Amino acid sequence: MCGIVGYVGDRPVVPLLLDGLKRLEYRGYDSAGVAVVRDGEIVTCKAEGKLENLVARLDSAPLAGSHGLGHTRWATHGAPSERNAHPMVDARGRLALIHNGIIENFLPLKRRLAEEGWAFRSDTDTEVIANLVSERLDGDLLPAVLAACRQLEGMYAFAVLSTAGGDGHQEIVAARQGPPLLLGLGDGEQYLASDPAALLAHTRDVVFLENGDVARITPRSVEVFDGSGEPVERRAQRLDWDPVQADKGGYRHYMLKEIHEQTQAVQDTFAGRIDFATGEVLLEGFAAVDERLAAASRLHVLACGTSWHAALVGKFLIEELARLPVEVDYGSEYRYRHPIVDEGVVAVGISQSGETADTLSAMQAARELGAAALVAVCNVRGSEATRISDATVYTHAGPEIGVASTKAFTTQLVALYLLALHLRRVRGEEPDPALAGELAHLPQALDRVLASEREIRQIARRYHRARDFLFLGRGINYPIALEGALKLKEISYIHAEGYPAGEMKHGPIALIDPDMPVVAIATGERVYDKVKSNMQEVHARDGIVIAVTDRDPEDVEDVADEVIRVPRVAEWLQPVVNVVPLQLLAYHVGVRRGADVDQPRNLAKSVTVE
Ligand code: F6R
């Protein structure tokens, strides 16, 4: 989704904006641009395609100014092109504006403005906001932005600078209704961004804007107002992310770095939350909801993409360990199926970013329909999912920059295991040190599976030309098959499907031929023999079987062409280990095929529009 950066202060503005945009590249984009105020005039520079195209333009025609805005665009209204790239300058040339979101009533607004003589040079809804603000601009930017917001319907985060106020007046005004926007606090300088990753190199003190907020920043002040222009208090927070975590740290890609960070991230997610002696789980902030969790008759778990796969694993964990029924929904589907919600329902939203519009809408719908409580499982402190929830289990993955989610997923599984144990306890079971103690084996198991990267790279080399892949798993590993298929699709653009292994004979078996690799997850005791039979069925039809197993290779060599060994851990935590070779396989296949694994085509890291 679109990336937003802004700076007011005394340092050269364009390098700071470009640095911020570089750090937002992972969000996915198709064009980029900057705007500054120079000698009382708005000057912009934009380029279609990658950021390096913009950098090349700025190298040949450097731009200096007193304050500025930068933007990476992910097209919604209007094709990806220089014409539609932000910042958008209003028809009178008095302001520049950048935006993330969708203005639903942009057509009637545009029609009205055009009839009144306002010229439009792009196909975007953003230009409508620029002209709306300009229409009301009479010396002071803030009231003009407030007036424009009152006319907008839809979701937006935008920032605007203008020539109003005259030379040397450094001011940016920003508004938020939906997509994230935060202010970075400095000494004699302030920043603005859509994502903490853009700010970490400069400051960790931030203010997250809330829906309906309008902020004004100058080098020495930060003010936040509500929609009617009344000042509101917004507390500054200190981000606990280390700026180094947001760099590649010597790895070729963020995705590979983040795959390797999983040992630490998983450990950080359970460390300090388990008393291994008593088996007690300590979830900060849950006292407020424990009574409602104890009384709940079922959970509605809401998420998208990889987080939805975590939700499916969570269903197994919570139903088995806490004996509480769980329904799992896609965020984008929940609102449209008239879910039955009463005071027995507790809704759980799972989101790495905490800003996914579909998940947030579903969580809000659950609240409005009468859910007793809202709980988030989230990686980003201060994000919207955490703010609208009554309690949050934070995953301690650190910043995840690779578009394909890896360490966020494994830490979500650990957070859900903690939540399952917590629910078990509040619903009357004694804490069980054996169940809690299983977590302690995970870091070593993850290290061991990561050490097999070389063999997985070789498997990737052998099969990277395949056109289709099938991933099979059963029980708690069925969502892992789905996740393995999703990773491969995203990173390598190979068509892949995840399937419950037992369902193969009801249809997908027709696809099996000597060119189709089938990755089968065969671990644990419960369904091992069944999955082995499914591998046999593929093998008998000359399909290629890649087995992910915790058994000796000899156990599966009669049915598998390739064997990836994984260490055995407790059944409930085995998915945390099993997904790692699938992430590595997707990564190495993607790299072999020359794909841009950190920024796959058409994908965005945080999907902040519905
Ligand atoms: C896949 C991926 C996406 C996200 C999905 C939800 O690798 O990253 O499918 O999982 O967009 O994002 P969050 O978890 O931020 O709500």
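Residue pairs whose Cβ atoms lie under 6 Å apart, sitting 6 or more positions apart in sequence or on different chains, and linking a residue in the stretch 280-304 that is without any contact (Cβ under 8 Å) to a residue 24 or more places away in the chain to a partner that is open to solvent by less than 50 Å² (accessible area, probe 1.4 Å), are LEU282/ARG273. Taking the stretch 273-312 as the range and being of a type in the set (Gly, Ala, Ser), surrounded by 14 or more Cβ atoms within 10 Å (Cβ to Cβ) and assigned to a helix (DSSP H, G or I) as the test, the residues that pass are ALA295, GLY305, SER307, ALA310, ALA311.
The requirement of being over 23 Å from TYR330 (Cα atoms), open to solvent by less than 40 Å² (accessible area, probe 1.4 Å) and at pLDDT 95 or above is fulfilled somewhere in the stretch 499-518, by at least one residue.
The listed residues are ASN53, ASN105, and the only one of them that is open to solvent by 10 Å² or more (accessible area, probe 1.4 Å), of a type outside the set (A, V, I, L, M, F, W, C) and over 24 Å from VAL403 (Cβ atoms) turns out to be ASN105. Going through (1) at pLDDT 95 or above; (2) more than 20 Å from VAL548 (Cβ to Cβ) one by one, VAL449 falls short only on (2).
Looking across the stretch 477-502, the residues that are touching a strand residue (DSSP E or B) at 6+ places or on another chain (Cβ under 9 Å) and of a type in the set (D, E, K, R) come down to GLU483, LYS487, LYS489, GLU497.
Filtering the stretch 271-330 to residues that are at pLDDT below 95 and among the polar types (S, T, N, Q) leaves only THR278. In the stretch 395-441, the residue that is nearest to the ligand (Cβ to nearest atom) out of those that are closer than 17 Å to GLN574 by Cβ and open to solvent by 10 Å² or more (accessible area, probe 1.4 Å) is LEU421.
Look at (1) open to solvent by 10 Å² or more (accessible area, probe 1.4 Å); (2) touching a residue at least 40 places away in the same chain (Cβ under 8 Å) and you find that MET363 fails only one, number (1). Here the strands (runs of 3 or more DSSP E) wholly within the stretch 1-101 that include at least 3 residues being among the small types (Gly, Ala, Ser) and in contact with a helix residue (DSSP H, G or I) (Cβ under 9 Å, 6 or more places away or on another chain) are 31-38.
Within the stretch 386-401, can one find any residue that is of a type in the set (Asp, Glu), in a helix (DSSP H, G or I) and farther than 26 Å from LYS257 by Cβ? No, every residue in the stretch 386-401 fails to be of a type in the set (Asp, Glu), in a helix (DSSP H, G or I) and farther than 26 Å from LYS257 by Cβ.
Is it fair to say ARG150 is within 32 Å of the chain's Cα centre (by Cα) and buried (at least 22 other Cβ atoms within 10 Å of the Cβ)? No: the conditions fail for ARG150.
Scanning the stretch 445-473 for residues being farther than 23 Å from ASP513 by Cβ and either touching a residue at least 12 places away in the same chain (Cβ under 8 Å) or within 25 Å of the chain's Cα centre (by Cα) (or both) gives a total of 11. Could you list, in sequence order, the residues of the stretch 372-384 that are more than 19 Å from ARG292 (Cα to Cα) and within 12 Å of the ligand (Cβ to nearest atom)? Of everything in the stretch 372-384, those that are more than 19 Å from ARG292 (Cα to Cα) and within 12 Å of the ligand (Cβ to nearest atom) turn out to be CYS378, ASN379, VAL380, SER383, GLU384. Can you pull out the residues in the stretch 227-246 that are at pLDDT 90 or above, open to solvent by less than 50 Å² (accessible area, probe 1.4 Å) and within 19 Å of PHE208 (Cβ to Cβ)? GLY227, VAL232, listed by residue number. LEU369 meets all of the listed conditions (1) within 15 Å of the ligand (Cβ to nearest atom); (2) modelled with pLDDT of 95 or more; (3) open to solvent by 30 Å² or more (accessible area, probe 1.4 Å) but one, namely (1). Of the residues making up the stretch 123-136, those that are crowded, with 19+ Cβ neighbours inside 10 Å and within 22 Å of ALA79 (Cβ to Cβ) are THR124, ASP125, THR126, GLU127, VAL128, ILE129, ALA130, ASN131. For the criterion of being modelled with pLDDT of 95 or more and not small (Gly, Ala, Ser), PRO479 passes.
Sub-7 Å Cβ pairs linking a first residue in the stretch 14-26 that is among the charged types (D, E, K, R) to a second residue that is assigned to a helix (DSSP H, G or I) and open to solvent by less than 10 Å² (accessible area, probe 1.4 Å), at least 6 apart or interchain, are LYS22/LEU51; ARG23/ALA197; ARG23/ALA198; ARG23/ALA246; GLU25/LEU51, ordered by first then second residue.
A single member of GLU343, GLU327 is surrounded by fewer than 22 Cβ atoms within 10 Å (Cβ to Cβ), away from the ligand (no atom under 13 Å from the Cβ) and in a loop (DSSP other than H, G, I, E, B), and it is GLU343.
Is it true that ASN602 is at pLDDT 95 or above and either open to solvent by 40 Å² or more (accessible area, probe 1.4 Å) or within 27 Å of GLN267 (Cα to Cα) (or both)? So ASN602 fails the test.
The values are calculated or read from the model by the stated rules, or taken from the named source; none is laboratory data. Fair warning: this is a prediction, and the values are worked out from it, not measured in the lab. For neighbour counting, all protein chains shown are included, and Cβ atoms are generated from backbone atoms with ideal geometry for every residue, glycine included. Note: areas computed on protein heavy atoms with side chains; ligands, DNA, RNA excluded. Shrake-Rupley method; radii C 1.70, N 1.55, O 1.52, S 1.80 Å.
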